[in-house]
Amino acid sequence: MSFAAFRERTSLLRKYFVRYRRLMFFGLLTLVAVDLLEILPPILLKRAVDSVVELKPYRELLQFAGMYFGVLFAQGFCRWGWRIFLIRSSMLVGRDLRNDFAAHLFGLPASFYDKNRVGDLMSLSNSDVESVRQFLGPGLLTFADSLFYLATVPVAMYWLSPEL
């Protein structure tokens, strides 16, 4: 498929993506923060176990425990952020798409409804709008999350234990 064909096929979605780009940007930003923070707990655990094995002072273990809970708190906050930003943007896109579709249907002549059953139109509109909403919310989230994990987790694993 050529780039021109891709642009033509995605022109409808692009309008909604551009409208809510800020929400989607902040959602993806908080998702990246969660993924970066996801790397820290195994590193902190490794260092805590090393400090116990090396018989270091007990307060050092407590510092690692505090950092661990701080990372978990930050992850929770960022998870809340991507849910608010990404899921909200997908819900708003779904709402706008439904409104635009309804406005289009109201503008059609009565002869259109003689040829097409209203139930079929409603069924198609609901399932298609939901598919677009799922793509722009959970679909985008899963895609970005998978890409970032693929880029970061092997690096963290190598850093923790090059032998393994």
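A few comments on the model shown:
- Helix content alone sets the calculated 222 nm mean residue ellipticity of the chain: runs of n ≥ 4 DSSP H residues at -39500 (n - 2.57) each, divided across all residues, give -28000 deg cm²/dmol.
- Three semi-axes describe the equivalent ellipsoid of the stretch 1-122; taken as square roots of 5 times the Cα gyration tensor eigenvalues and ordered largest first, they are 53, 15, 11 Å.
- Judged by the ratio a/c of the largest to the smallest principal axis of the C-alpha gyration tensor, the stretch 96-136 counts as oblate, that ratio being 1.5 or greater while a/b is no larger than b/c.
- Site-free segments of the chain were taken between GluC sites (Glu not before Pro) in DSSP loops having at most 14 other Cβ atoms within 10 Å, sites themselves excluded; the longest one is 55-162.
- Cα centroid separation - the stretch 106-164 against the stretch 1-63, whole Å: 19
- Three-way shape label, the stretch 22-62, alpha-carbon gyration tensor, a/c 1.5: prolate
- Cα convex hull, the stretch 111-164: 83 Å³ per residue, rounded to a whole number.
- Partners of Lys15 within straight-line reach, counting aspartates and glutamates whose Cα lies under 15 Å from its Cα and excluding those fewer than 8 residues away in the same chain: Asp96, Asp100.
- Rolling a 1.4 Å probe across the protein heavy atoms gives the chain an accessible surface of 70 Å² per residue.
- Anisotropy class of the stretch 37-103 from Cα gyration tensor, a/c 1.5 cut: prolate
- Relative to the longest principal axis of the Cα atoms of the chain, the long axis of helix 58-82 makes an angle of roughly 0 degrees.
- Counting protein heavy atoms only, the chain has 68 percent of its accessible area on carbon and sulfur, 1.4 angstrom probe.
The values are calculated or read from the model by the stated rules, or taken from the named source; none is laboratory data. Computed from a predicted model, the values in this text were never measured in an experiment. Ideal geometry is used to build each Cβ from the backbone, glycine not excepted, and the neighbour counts take in all protein chains shown. Calculation scope for accessible area: heavy atoms of the full protein, side chains included, ligands and nucleic acids excluded. Shrake-Rupley method; radii C 1.70, N 1.55, O 1.52, S 1.80 Å.
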